[in-house]
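The values are calculated or read from the model by the stated rules, or taken from the named source; none is laboratory data. Keep in mind the model is a prediction, meaning the values are calculated, not measured. Here Cβ is always computed from backbone atoms with ideal geometry, including for glycine, and neighbour counts include all displayed protein chains. Please note that ligands, DNA and RNA were not included when accessible areas were found on the heavy atoms of the full protein model with its side chains. Shrake-Rupley method; radii C 1.70, N 1.55, O 1.52, S 1.80 Å.
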Amino acid sequence: MTQRSLPDFPWDSLAPHKERASAVSGGIVDLSVGTPVDPTPAVVQEALRGAADAPGYPLTYGTPALREAVAGWFARRRGVPGLDPDGVLPTIGSKELVAWLPTLLGLGRGDVVGFPGVAYPTYDVGARLAGATPQVVDGLAALGPLTPTTTPRLLWLNSPSNPTGRVLGVEHLAKVVAWARQHGVVVASDECYAELDWRPGSSEPATPSILDPRVCGGSHEGLLAVYSLSKQSNLAGYRAAFVAGDVALVRRVLEVRKHAGMIVPWPVQVALTAALADDDHVAEQKARYAARRTVLRQAVEGFGLRVDHSDAGLYLWATRDEDAWATVEALAGRGILVAPGTFYGEAGRRHVRIALTATDERVATAAERLHA
Ligand SMILES: Cc1ncc(COP(=O)(O)O)c(C=O)c1O
C-alpha cells in the first residue's frame, strides 16, 4: 500500500493561540475559520423538511428541477444565459469535488494540475490524491515554454479568491480561456464567493463566471464552474453545491460518481433547488456580511494593518508587513483568532486571513478590543 504524500493539516498549529485568545476576558472572537453562523434561511429549511420522506435512491445526476434551477440561477445571477442543464451536476459540498476532480477526470501520474500560489489548500490535495503533479501557476507567462509533459491538464482558478478576496475580471478570464483552449487545458473555476462582491456598483450580475459569454465566447467546451451554497445561503451543514459547464466533461465526472456512490441526498437536492430559486435570502445575508465587514475593516486598519485585495468574499487579507505568526500572536493577545496566510502558501506568509463569519456581537467585541 503506498502512502500518499498529503500536506500537514495546519490548523493544529493554531491551538496555542486559540488558548491564549480564549483566556481573554469576554472570551475568544474566532475569525480563523470561515464557517457561517447565521441561521439557514426558512425557505430552505422548509424545503428540506418537506423532503424528509426519501425511501428510494436519489439520482446522482440530480433531479431535472435542480439542474434547471442551476441553469436559471446562472442566467439570472451570473450573466450566463442558455446553460445546458445536462451540463450540471450536484456535489456533496464543493470541497469533495475540488479534492476529487483530478481523479474523476482520470488524471494521474505525470499529469500536471495547476492552481494559484496563494490558495485554498484543497486544489493541491486533489492533485496529490490523484497521484498527479501539483503545480503553482501564478500567471501563464510564468509557465515558460510548454512541452506535452509540462502543460497542465487541469488549471484551477478561484475568483473571488479565498484567502485574498481578489476578483479576476472578464479580460483576465478570457485570456486564460483562450490560452487553455490553445493548449488543450481544462479550466475549473471555483466561484463559491461570487455573490459576495463588495466593490461599489457591483451588485448584478455578481463577479464574472468562467461561463460568461464575454469570457468564453458562448462555448463551455473545456470549462467547469464550481459553486457552493455553503456561504451565500448558510448551508455548509447541508453539503450543497454543484459543478456546471462542458456537458462532455460533466458526463465523464458523472459516470465515475455513479459507480462510486457520490450522491447528493434527496432532501438536500430539494433544499438546494429551493435555495437557488430565492434571491431574497442571499441579499439579506450579503447585507449582514457587508455591515460586519465595514466594522471589522475599520477596526483592523485602526489597529495598524493594511487590507490588501479583499474586494469580494468572506475574508480580510491583511498585513502589518511582518511575519504572519507575529500578527496572529498580537491579535490573539486581544482575544481575536485569525489564520496566518502561511496556511495558503508560502507567498501568504506576511498576511493574515480574517473571516467575516462571526455574529454581530462577536464582531463588535473584536472592534472594541482593536480600538482599545
Ligand atoms: C475557495 C473555496 N472552495 C471551496 C470551498 C468548499 O466549500 P463547501 O465544501 O462548503 O462547498 C471553500 C470553503 O471554504 C472555499 O473557500
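Odds and ends about this structure:
- Of the residues Leu83, Val70, Ser32, the one whose Cα sits farthest toward the positive end of the charge dipole of the stretch 1-136, with +1 on the Cβ of Lys and Arg and -1 on the Cβ of Asp and Glu, is Leu83.
- Counted over all Cα-Cα pairs of the stretch 26-92, pairs farther apart than 15 Å make up 71 percent.
- Relative to its residue count, the stretch 60-120 spans a Cα convex hull of 130 Å³ per residue.
- Seen from Tyr193, the other residues with C-beta closer than 12 Å to its C-beta sum to a net charge of -2, counting Lys and Arg as +1 and Asp and Glu as -1.
- Karplus 3J(HN,Hα) series, Hz, for the stretch 367-372 with 6.51 cos²θ - 1.76 cosθ + 1.60 (x for Gly, Pro): 5, 4, 5, 6, 7, 5
- Distance (nanometres) between label positions extended 7 Å along Cα→Cβ at Arg252 and Ala326: 4.8
- Cα-based convex hull volume of the stretch 76-203 per residue, rounded to whole Å³: 126
- Net charge of the neighbourhood of Asp360, taken over other residues with C-beta under 13 Å away and scored Lys/Arg +1, Asp/Glu -1, is +1.
- For the stretch 174-215 and the stretch 339-372, distance of Cα centres in Å: 27
- Computed with a 1.4 Å probe over protein heavy atoms only, the accessible area of Thr294 comes to about 80 Å².
- Restricting the calculation to alpha carbons of the stretch 2-117 gives Rg and Dmax of 20.6, 55 angstrom.
- The radius of gyration of the Cα set in the stretch 113-165, together with its Dmax, comes out at 11.2, 33 angstrom.
- Coarse-grained scattering of the stretch 271-342 at q = 0.19 Å⁻¹, given as base-10 log I(q)/I(0) from a Debye sum over alpha-carbon atoms: -0.81
- Shape call, the stretch 181-279: gyration tensor on alpha carbons, a/c limit 1.5: oblate
- Average accessible area per residue (Å²) across the chain - probe 1.4 Å, nucleic acids and ligands excluded: 42
- Accessible area of the stretch 118-270 belonging to carbon and sulfur atoms, whole % at 1.4 Å probe: 56
- From the largest down, the chain spans 57, 54, 49 angstrom on the principal axes of its Cα atoms.
- Rounded to the nearest whole Hz, the Karplus-based 3J(HN,Hα) values (6.51 cos²θ - 1.76 cosθ + 1.60, θ = phi - 60°) of the stretch 84-93 follow the sequence 6, x, 5, x, 10, 9, x, 10, 7, x, with x at glycine and proline.
- Arg49-Asp360 pseudo-label distance in nm [points 7 Å out on the Cα-to-Cβ vector]: 2.5
- Choice from Ala260, Ala248, Ala324 showing the highest fluctuation, given a GNM over the chain with Cα pairs closer than 10 Å: Ala260
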